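As structure tokens, the structure follows; a few thoughts come after it.
The values are calculated or read from the model by the stated rules, or taken from the named source; none is laboratory data. Note that this is a predicted model, so its numbers are computed, not measured. When we count neighbours, we look across all protein chains shown, and the Cβ atoms used for this are built from the backbone with ideal geometry, even at glycine.
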Amino acid sequence: MYFLYVDESGDTGDKPSSSNYFILTGVLIHHSHWREAYVQVKALRERLWRDFGIPSYAELHASEFLGKNVSYYRLTRSQRIKCALHVVGFLRMRPRIMLVRSIISKATSPECCYELAWRELMRLAERRIDDVGIQGACDTKGMLVVCDDHRTSPRKEFTHRLNALVGLNNPIVEKPFGMDSRDCDFLQLADLLAYLSKQKMEPSSVFHGGHSRVIIRRNEELFERNL
């Protein structure tokens, strides 16, 4: 069994103020590694509290944490970038925490960007599961998709189509359920990766500087490793 924690960046709209891209990122963990990953992420949060003063209960919501907010736990922007680099470095050293991502350009995608993003994410997750052999894993594979909230979660009718796509011999998508990201560290990791991915495609004004671009490059290296 695999857990896939998913969050998005961008939107699915077509208004002038809408984003040009819709992005989904997923944190993929085999059930036999879940407890280990959970303990490691909790230790990460303790380090962020010790080294940066960010309480372990605080949500690392990337748009607030790395955006224009100047009062996030009294941290300077440089300190916040260092904190984010620490998180990305943590993931770089944890190959059992696998990462998948789909980036859909609205300008070049004639179909619904929402469905395209989910199809691509599930295809990549399926490929990662097939590529990685887990010792002692059973032949019957399954997947539980945990989303940030019901805005990200595939709608009920689309869930059935996703199941048909992966087939009987491949990971099966159980009906996804949403939870508040502030209650789940794995979802907060997915949120950070999605946000940084969007900054690569459509950087905001605070991400035009050299120091800010370092974290974007490190984020890209994470996904290059997970190809």
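Considering ARG119, ARG101, ARG182, which residue is modelled with pLDDT under 85, among the basic types (Lys, Arg) and in contact with a helix residue (DSSP H, G or I) (Cβ under 8 Å, 6 or more places away or on another chain)?
From the options ARG119, ARG101, ARG182, the qualifying one is ARG182.
Test GLN79 against the stated conditions and say whether it is in a helix (DSSP H, G or I) and farther than 24 Å from VAL146 by Cβ. Considered against the rule, which asks whether it is in a helix (DSSP H, G or I) and farther than 24 Å from VAL146 by Cβ, GLN79 comes out as yes.
Set side by side, the residues ALA107, ALA43, ALA58, ALA84 differ, and just one is under 20 Å from ILE216 (Cβ atoms) and either at pLDDT below 90 or out of contact with any Ser or Thr (no Cβ under 8 Å at 6 or more places or on another chain) (or both), which is ALA84. So in the stretch 197-227, with the set limited to residues that are in contact (Cβ under 8 Å) with a residue 12 or more places away in the chain and not in a helix (DSSP H, G or I), which one is surrounded by the most Cβ atoms within 10 Å (Cβ to Cβ)? The residue in question is ASN226. Scanning the stretch 12-36 for residues that are part of a helix (DSSP H, G or I) and crowded, with 16+ Cβ neighbours inside 10 Å returns HIS33, TRP34. Which one of the conditions (1) in contact with a helix residue (DSSP H, G or I) (Cβ under 7 Å, 6 or more places away or on another chain); (2) surrounded by fewer than 16 Cβ atoms within 10 Å (Cβ to Cβ); (3) outside any loop (DSSP other than H, G, I, E, B) does ASP130 fail to meet, given that it meets all the rest? Only one criterion is unmet by ASP130, namely (1).
Put simply, of SER9, SER63 the only residue that is outside any loop (DSSP other than H, G, I, E, B), of a type in the set (S, T, N, Q) and either surrounded by 18 or more Cβ atoms within 10 Å (Cβ to Cβ) or touching a strand residue (DSSP E or B) at 6+ places or on another chain (Cβ under 6 Å) (or both) is SER9. If only residues of the stretch 64-79 that are in contact (Cβ under 8 Å) with a residue 60 or more places away in the chain and of a type in the set (Lys, Arg) are counted, the one that is farthest from SER204 (Cα to Cα) is ARG77. Only one entry in ARG80, ARG94 is surrounded by 16 or more Cβ atoms within 10 Å (Cβ to Cβ) and either under 27 Å from ASP130 (Cα atoms) or in contact with a strand residue (DSSP E or B) (Cβ under 7 Å, 6 or more places away or on another chain) (or both), namely ARG94.
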